[in-house]
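The values are calculated or read from the model by the stated rules, or taken from the named source; none is laboratory data. All figures in this text were calculated on a predicted structure; none of them were measured in a lab. No Cβ is skipped: glycine too gets one built from the backbone with ideal geometry, and neighbour counts run over all protein chains shown.
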Amino acid sequence: MITPHKWDLSIEEAKALQRELAEKVILEDRFDKIHYVAGVDMAINENNGLARAAIVLFSFPDLTILEKHVYEEPVRMDYVPGLLSFRELPALLGAFEQLKQKPDLIMADGQGIAHPRRLGIATHLGLWIDTPSIGCAKSILVGTHEPVGEAVGDWSPMFYHQEVIGAALRTKIKVKPMYISQGHKISLESSIQYVLACGRGYRLPETTRQADKLSKDNDWREDGAPGLGN
């Protein structure tokens with residue numbers, strides 16, 4: 001777990017902090033059996049312009065949904081490539097605090113270490129809450145890879161500056177691969193294994209697919225209560 005830090009940083013301060021935090025990342029398995037896995041995502045609420053973070057908790061391996069939570073707050077930073085976590089993580093932490101059961105593993109819609117300074121949103125989140133995390137991105141931020149086989153489960157390592165930073169993983173036939181990278185406290189091989197185990201026939205693992213849906217459902221209210229998370 002890292003020492004909490006401020007979010008209202010300049011671009012250069014944020015980049016310097018990313019380099020500092022990246023040195024604390026653990027890229028090997030540091031967990032026991034996984035019983036609970038969560039997916040997280042964030043969108044902008046079209047009704048009020050607030051950052052709208054969603055977290056969905058599943059039992060594992062059966063992937064029964066146990067909890068759903070949404071948290072909203074004002075956006076703290078405009079989008080800057082490579083600094084997504086400074087825009088989205090404060091709201092995601094608000095959603096995380098509503099969980100009754102802490103997950104053993106988190107999958108974030110975004111990058112892990114497949115990032116120019118090795119600190120994508122999945123890595124930043126994993127460090128903050130000291131929990132194994134995986135980045136499940138729909139596009140490449142940095143890195144290259146060889147063609148990926150057509151069968152579900154085929155993958156090709158992603159390289160950046162001659163370092164393996166993730167994997168292009170086929171999660172559904174005849175669609176683009178997902179781009180999987182370690183967040184924190186997990187190996188690349190285990191990251192691939194758990195993403196595939198959370199597949200339900202879609203390109204996205206069910207964890208981040210459900211979190212993505214929830215983050216964009218502007219009419220959803222927990223227990224019918226308005227102003228959720230405020």
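Inspect all residues belonging to the stretch 101-109 and state whether any of them is at negative phi and surrounded by fewer than 15 Cβ atoms within 10 Å (Cβ to Cβ).
Looking for residues that are at negative phi and surrounded by fewer than 15 Cβ atoms within 10 Å (Cβ to Cβ), one finds at least one in the stretch 101-109, hence yes.
Do you know which residues across the stretch 118-133 are touching a residue at least 60 places away in the same chain (Cβ under 8 Å), more than 9 Å from the chain's Cα centre (by Cα) and in a loop (DSSP other than H, G, I, E, B)?
Listed by number, the residues that qualify are Arg118, Leu119, Asp130, Pro132.
Kindly list, by first and then second residue, each pair from a residue in the stretch 168-187 that is on the phi > 0 side of the Ramachandran plot and of a type outside the set (Val, Ile, Thr) to a residue that is in a loop (DSSP other than H, G, I, E, B) and buried (at least 22 other Cβ atoms within 10 Å of the Cβ), limited to pairs with Cβ atoms under 7 Å and residues at least 6 apart or on different chains.
Lys185/Pro132
So, in the stretch 1-39, how many residues would count as being under 16 Å from Leu93 (Cβ atoms) and among the acidic types (Asp, Glu)?
Residues flagged as under 16 Å from Leu93 (Cβ atoms) and among the acidic types (Asp, Glu) within the stretch 1-39 amount to 1.
Restricting to the stretch 184-205, count the residues that are part of a helix (DSSP H, G or I), touching a strand residue (DSSP E or B) at 6+ places or on another chain (Cβ under 7 Å) and not polar (S, T, N, Q).
Summing the residues that are part of a helix (DSSP H, G or I), touching a strand residue (DSSP E or B) at 6+ places or on another chain (Cβ under 7 Å) and not polar (S, T, N, Q) in the stretch 184-205 gives 4.
Here are some residues: Ala43, Ala51, Ala16. Which one is surrounded by 12 or more Cβ atoms within 10 Å (Cβ to Cβ), modelled with pLDDT of 95 or more and farther than 19 Å from Pro103 by Cβ?
Sole residue among the options that is surrounded by 12 or more Cβ atoms within 10 Å (Cβ to Cβ), modelled with pLDDT of 95 or more and farther than 19 Å from Pro103 by Cβ: Ala16.
Scan the stretch 29-73 for residues that are at positive phi and over 19 Å from the mean Cα position of the chain (by Cα) and jot them down.
Answer for the stretch 29-73, where residues must be at positive phi and over 19 Å from the mean Cα position of the chain (by Cα): just Gly49.
Only residues that are in contact (Cβ under 8 Å) with a residue 40 or more places away in the chain and part of a helix (DSSP H, G or I): list them for the stretch 1-57, please.
Ile11, Ala14, Lys15, Gln18, Arg19, Leu21, Ala22
Results for (1) within 24 Å of Ile44 (Cβ to Cβ); (2) part of a loop (DSSP other than H, G, I, E, B), shown as yes or no for each residue.
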| position | (1), (2) |
| --- | --- |
| Glu72 | yes, no |
| Pro90 | yes, no |
| Gly110 | yes, yes |
| Pro116 | no, yes |
| Gly135 | yes, no |
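Would you point out the residue of the stretch 115-162, among those that are among the polar types (S, T, N, Q) and in contact with a His (Cβ under 6 Å, 6 or more places away or on another chain), that is nearest to Val37 (Cα to Cα)?
Ser133
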